[in-house]
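For reference, the structure discussed in these notes is given below.
The values are calculated or read from the model by the stated rules, or taken from the named source; none is laboratory data. Note that the structure is predicted; figures quoted are calculated from it, not measured. In this analysis, Cβ positions are derived from the backbone assuming ideal geometry, glycine residues included, and neighbour counts consider all displayed protein chains.
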Amino acid sequence: MLNIPSNLLNRLKNHRQDHILEGWDKLTAKERQEFADQLARIDFGELETLFSHRLEPEYVLPSRDRIQPIPVAAPDATPSERATGEEAFRRGEIAGLVVAGGQGSRLGFDKPKGMFPIGPVSGVSLFQIHAEKLLGLSRRYSKPIPFLVMTSPATDADTRAYFAEQRFFGLNPADVIFFQQGTMPAVCASTGRLLLEKPGQLFLSPNGHGGTLTALAESGVLKELRSRGIKHIYYFQVDNPLVKLCDPGFIGRHVGGKSEASSKVVFKEKPEEKVGVLAVLDGKCGIIEYTFLPKEMAGERQADGTLRYRAGNPAIHLFSVEFLERVTSAEGLPYHVAHKAVTHFDPISQVVVTPAGNPNALKFERFIFDALPLAERWLAVETSRDEEFSPVKNATGSDSPATSKAAQIALHTRWLARAGVSTHGHPLEISPLFALDEDELKAKIPKGLTIAGPTYLR
């Protein structure tokens, strides 16, 4: 192996990772530099420590006597709570954060999922719906609302280009802040050796939903928000077009209660629903992912017949900036080990290795539920599934474009019906720039409005 910088070679040899340098001579100068840069960012000591814990359970649930259902506040905020939230907007203290690192491969869509067309009449994208909600709010309260867009190496370039092509959907480009989710290298499950995706490129994977929070700090975004006077970050996922983005009532409850981490809750209807649940774990707010929730706990019911552990997590959170600064300082959130099947390039044999069934690799992920128990003051608030949760995850069946579009049409039809206008069964979509909520719709409906076909109010 020729032309390998001695410091790089020695570092890899010291950690028994020099196998990945096989084929170095076949790389171009640019490829060598990019590969060396990738390797320079790896904390090999941390990787070795994580590998040493590979046989430990992914997640240890506390004993049953240390778990309780979480208290959930009713969905409707009081006028005073809503006023508190609106004042936070007028002071310029709110930012929205969309988790948008995923691609639409499960939907048969080869672009970032946020670009997926989901408007039931307009065909506008998920990104456009969310951006227009923030634009509508910024106009309502006469204050810019920074839009934090978390991407990944797989989606970053396309996402930035899309926003530029769409002229940032009317938002000030200075208020749209892109940052990338962190990545971690995958390693061989038996040896701990680094895996390659192809010659000269490590096999990297996103470091989990908890990595969103640490990426905020590592990218410098938290520091920038602090300088702008932002005090609270509204966290949501790109695939849910119904989210009441930066809901003033929810914000008012959070601010008024001096909560550090607040979460919306959608009540589970069936034990087998694949959604994590919020619960009180050792006296702290936490989330139990559905894969770790024992079947008997998932099916346990209260005297009124409702599920005992039913506080489903739609991934809508509100964090104070001070809280995020604290939880992401020093070492940040811990990593968890995930055993996965990974197709990779073997530099020794120079062939692509496809695992035969069993997991052959370890990936390392951070979970957002490791942040919630660190909050001294927290809040859980019920929200309606019909009004705020219809994600787009699958090509067909549940949580698909068809079900999400139907949910949008149903919500907007109800708004219009309560304003005294019938859609006569025609599809209806309301742009956030026309009305953010039912009250605004009532004030804007043109006199004598008649719905005679598919309609997009914008």
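Just one of the listed residues (Glu86, Glu56) is out of contact with any Lys or Arg (no Cβ under 7 Å at 6 or more places or on another chain), over 18 Å from His317 (Cα atoms) and of a type in the set (Asp, Glu), and it is Glu56. Among the residues making up segment 357-374, a single one is small (Gly, Ala, Ser) and within 19 Å of the chain's Cα centre (by Cα): Ala371. In segment 430-439 there is at least one residue that is surrounded by fewer than 16 Cβ atoms within 10 Å (Cβ to Cβ), more than 30 Å from Phe109 (Cβ to Cβ) and not assigned by TED's automatic domain parsing to the domain that holds Thr383.
Each row is one residue, and each column tells you yes or no for (1) at pLDDT 95 or above; (2) within 21 Å of the chain's Cα centre (by Cα); (3) surrounded by fewer than 20 Cβ atoms within 10 Å (Cβ to Cβ); (4) within 25 Å of Lys393 (Cβ to Cβ).
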{"site": "Gly256", "(1), (2), (3), (4)": "yes, no, yes, no"}
{"site": "Ser259", "(1), (2), (3), (4)": "yes, yes, no, no"}
{"site": "Ile288", "(1), (2), (3), (4)": "no, yes, no, yes"}
{"site": "Pro294", "(1), (2), (3), (4)": "no, no, yes, yes"}
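Candidates in segment 115-138 are the residues that are of a type in the set (S, T, N, Q) and part of a helix (DSSP H, G or I); of these, the one that is surrounded by the most Cβ atoms within 10 Å (Cβ to Cβ) is Gln128.
Here's the yes/no breakdown for (1) modelled with pLDDT under 90; (2) touching a Lys or Arg at 6+ places or on another chain (Cβ under 7 Å); (3) closer than 15 Å to Leu196 by Cβ:
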position: Val342; (1), (2), (3): no, no, yes
position: Pro347; (1), (2), (3): no, no, yes
position: Val351; (1), (2), (3): no, no, yes
position: Pro359; (1), (2), (3): no, yes, no
position: Ile368; (1), (2), (3): yes, no, no
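Matching residues to (1) touching a strand residue (DSSP E or B) at 6+ places or on another chain (Cβ under 7 Å); (2) touching a residue at least 40 places away in the same chain (Cβ under 8 Å); (3) not in a strand (DSSP E or B):
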residue	(1), (2), (3)
Arg140	no, yes, yes
Thr159	yes, yes, yes
Ala164	no, no, yes
Phe179	yes, yes, no
Thr212	yes, yes, yes
Tyr234	yes, yes, no
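Could you tell me which residue of segment 98-116 is nearest to Ile145 (Cα to Cα), considering only residues that are of a type in the set (D, E, K, R) and in contact (Cβ under 8 Å) with a residue 40 or more places away in the chain?
In this case the residue turns out to be Lys113.
When the criteria are applied in full, Ser125 fails the requirement of being more than 26 Å from Leu204 (Cα to Cα) and more than 18 Å from the chain's Cα centre (by Cα).
Taking segment 1-23 as the range and being touching a residue at least 40 places away in the same chain (Cβ under 8 Å) and among the hydrophobic types (A, V, I, L, M, F, W, C) as the test, the residues that pass are Ile20, Leu21. Residues of segment 181-199 being modelled with pLDDT under 95, surrounded by fewer than 23 Cβ atoms within 10 Å (Cβ to Cβ) and touching a helix residue (DSSP H, G or I) at 6+ places or on another chain (Cβ under 8 Å), which ones? Scanning segment 181-199 gives Gly182, Pro199.
Would segment 46-62 turn up any residue that is small (Gly, Ala, Ser) and at positive phi?
No, segment 46-62 has no match at all.
Here's the yes/no breakdown for (1) touching a residue at least 24 places away in the same chain (Cβ under 8 Å); (2) charged (D, E, K, R); (3) more than 28 Å from Ile409 (Cβ to Cβ):
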position: Ile42; (1), (2), (3): yes, no, yes
position: Leu50; (1), (2), (3): yes, no, yes
position: Tyr59; (1), (2), (3): yes, no, yes
position: Arg90; (1), (2), (3): yes, yes, yes
position: Gly96; (1), (2), (3): yes, no, no
position: Ile118; (1), (2), (3): yes, no, no
position: Phe127; (1), (2), (3): yes, no, no
position: Leu134; (1), (2), (3): yes, no, no
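Look at segment 348-370: where a residue is free of Cβ contacts under 8 Å to residues at least 60 places away in the same chain, no partner that is among the basic types (Lys, Arg) and outside any strand (DSSP E or B) sits 6+ places away or on another chain with Cβ atoms under 9 Å. Filtered by the rule that a residue be charged (D, E, K, R) and under 20 Å from the mean Cα position of the chain (by Cα), segment 387-427 gives Glu387, Glu388, Lys393, Asp399.
If you go through segment 245-290 and keep only what is of a type in the set (D, E, K, R) and at positive phi, you end up with Lys258, Asp282.
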